[in-house]
Amino acid sequence: MKHFQTVTDRRLDRCRLHSEIPGLGLAALVLVSLAVSPAAWAASPKSWHIAKAADFGKGELDGLALHPEWGLSVAPPIERVDVDAEFIHCWVREDDRLWLGTGLAGKVFVVDGKKVTEIAALDSTLVGSLVGDGKGGVYAGLIGEAKIVHIDKAGKVEPVVSLGGAQHVWALLRKGGQLFAGTGPGGQVFAVDTASKKASLWAATDTEHVLTMAFDGDAIVAGTADSAMLVRIEGKGNVRAIAAFPGGEVRSIARAGKSWYVALNGGTATVKLAKLKPTATEPGKDDDKPKSKAGAKKAKSSSGKGAVWVRTDDGLVTPLFASPEGMLSEIGVVGRAVVAGAARGGRVLVSDDQGRVQTLFDLKEEQILGIEMGEKGPRTLFTGKGAALYLVGEGKNEPMYTSQVLRETGVARWGRIEARGSGKLTIA
């Protein structure tokens with residue numbers, strides 16, 4: 001399929017392709033200009049080829065997904081809902097309401113459908129974590145003073161506990177009337193009885209920060225920083241290291257099948273397992289001949305980069321993919337697909353089990369800080385710079401691709417644009 005257009009100008013600032021029907025599939029573009037010298041009125045033509053995923057990735061994807069082999073295709077529709085904050089740091093769904101913890105003013109919002117309401121302003125610059133209370137309200141962990149507060153469904157705020165020896169509450173879990181709080185610095189996990197409002201040390205991870213936690217049966221699996229480790233807490237004081245990774249932090253974890261999927265950020269140095277015992281082949285059981293230290297492989301990553309690794313229940317630790325968009329925030333898994341939010345660049349990535357990565361969404365906000373997963377994929381996206389949530393499957397999609405600036409020197413007559421793909425396109 002070819003579309004021809006002639007433009008006389010000093011440069012072609014951008015090439016815009018608009019899909020008029022939802023069947024867009026664009027595999028390649030070729031743009032050719034004839035540069036005209038004012039003196040000789042003759043010069044060599046210049047051309048740009050946009051065919052590889054890296055080429056398309058330099059442009060702006062509006063309503064389009066980018067696959068590393070197939071090129072551009074129409075993405076699912078999304079609808080943006082504005083939130084009056086700098087960024088959304090954490091979220092939890094309690095009943096049918098979404099609760100949002102934000103910064104830099106420490107506000108908590110509730111979302112009913114598409115209506116966003118500020119429900120509480122906390123004495124903190126940042127809400128670090130949220131967990132539902134089972135009664136329509138939430139518990140919130142704060143950054144800066146390591147406090148936990150309770151917010152009921154009407155917005156009433158009540159202090160619960162202050163965790164001595166820590167400064168930040170990065171992660172919260174709840175089981176019945178007991179909370180578990182991942183903190184830093186010091187890398188400790190505290191148990192909090194919500195009835196008596198008393199806290200006790202549950203586990204020490206020998207790291208600086210416990211950033212993320214998830215239940216695995218009766219045990220807790222936690223991701224840490226500045227040592228990027230995955231640890232398993234099988235009771236009070238019973239901590240086992242189950243993986244050590246190259247990088248500075250384990251930012252997010254997700255469980256699928258018999259594997260843990262881990263989002264890493266940071267450098268290339270693999271941390272040592274320190275004083276923690278390596279895990280047995282089957283977590284929770286002793287092993288007279290433990291396997292070699294997990295995470296011994298080196299990843300091709302650098303400072304400020306992100307990657308996803310997989311740790312299987314039999315102890316195998318392998319890299320899945322390095323993020324083409326830099327640092328990662330939250331990840332989720334559905335089927336064999338791993339969905340990851342880029343902490344820079346505003347793109348949502350999807351990888352298959354072979355590590356092939358495509359861009360599913362390209363948002364105008366700089367940061368994707370959270371992803372709520374549904375049965376078939378992402379349900380809600382949460383952003384920073386500035387704060388907004390995107391409802392996947394809502395709204396109307398008007399796909400458009402805008403290339404990067406294509407600069408020509410001198411006077412040029414733009415002669416030919418070739419597009420290879422399917423579907424009806426308008427090129428300008």
Hey, can you tell me all the residues within segment 250-265 that are assigned to a strand (DSSP E or B) and surrounded by fewer than 24 Cβ atoms within 10 Å (Cβ to Cβ)? 253, 254, 255, 256, 259, 261
Which strands (runs of 3 or more DSSP E) does segment 105-186 wholly contain that include 3 or more residues that are small (Gly, Ala, Ser) and open to solvent by less than 70 Å² (accessible area, probe 1.4 Å)? 126-132, 178-184
So which residues in segment 382-421 are more than 31 Å from the chain's Cα centre (by Cα), modelled with pLDDT of 80 or more and of a type in the set (Gly, Ala, Ser)? 419
Test of understanding: among 33, 73, which residue is among the polar types (S, T, N, Q), in a strand (DSSP E or B), over 20 Å from the mean Cα position of the chain (by Cα) and at pLDDT below 85? 33
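Output the residue which, of all residues in segment 187-196 that are part of a strand (DSSP E or B) and not aromatic (Phe, Trp, Tyr), is nearest to residue 221 (Cα to Cα).
189
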Restricting segment 187-205 to residues that are open to solvent by 60 Å² or more (accessible area, probe 1.4 Å) and touching a strand residue (DSSP E or B) at 6+ places or on another chain (Cβ under 8 Å), which is farthest from residue 150 (Cα to Cα)? 201
Which listed residue is of a type outside the set (Gly, Ala, Ser) and under 20 Å from residue 369 (Cβ atoms), from 179, 163, 173: 173
So is residue 344 open to solvent by 10 Å² or more (accessible area, probe 1.4 Å), under 24 Å from residue 82 (Cα atoms) and modelled with pLDDT under 85 or not? yes
The lone condition residue 101 fails out of (1) touching a residue at least 60 places away in the same chain (Cβ under 8 Å); (2) touching a strand residue (DSSP E or B) at 6+ places or on another chain (Cβ under 6 Å); (3) within 24 Å of residue 339 (Cβ to Cβ) is (1)
Restricting attention to segment 209-237, report how many residues are open to solvent by 10 Å² or more (accessible area, probe 1.4 Å), modelled with pLDDT of 95 or more and either closer than 15 Å to residue 185 by Cα or not in a loop (DSSP other than H, G, I, E, B) (or both). 8
Filtering segment 360-371 for residues that are open to solvent by less than 10 Å² (accessible area, probe 1.4 Å) and either assigned to a strand (DSSP E or B) or touching a helix residue (DSSP H, G or I) at 6+ places or on another chain (Cβ under 7 Å) (or both) leaves a count of 4
Give all pairs with beta carbons closer than 9 Å in which a residue from segment 66-77 that is open to solvent by 10 Å² or more (accessible area, probe 1.4 Å) and charged (D, E, K, R) meets a residue that is modelled with pLDDT of 90 or more and assigned to a loop (DSSP other than H, G, I, E, B); count only pairs at least 6 apart in sequence or on separate chains. 69/356
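The values are calculated or read from the model by the stated rules, or taken from the named source; none is laboratory data. Predicted model only: the values in this text are computed from it and were never measured. Cβ atoms come from the backbone with ideal geometry, glycine included; neighbour counts cover every protein chain shown. Side chains are part of the model used for accessible areas, which takes the heavy atoms of the whole protein and leaves out ligands, DNA and RNA. Shrake-Rupley method; radii C 1.70, N 1.55, O 1.52, S 1.80 Å.
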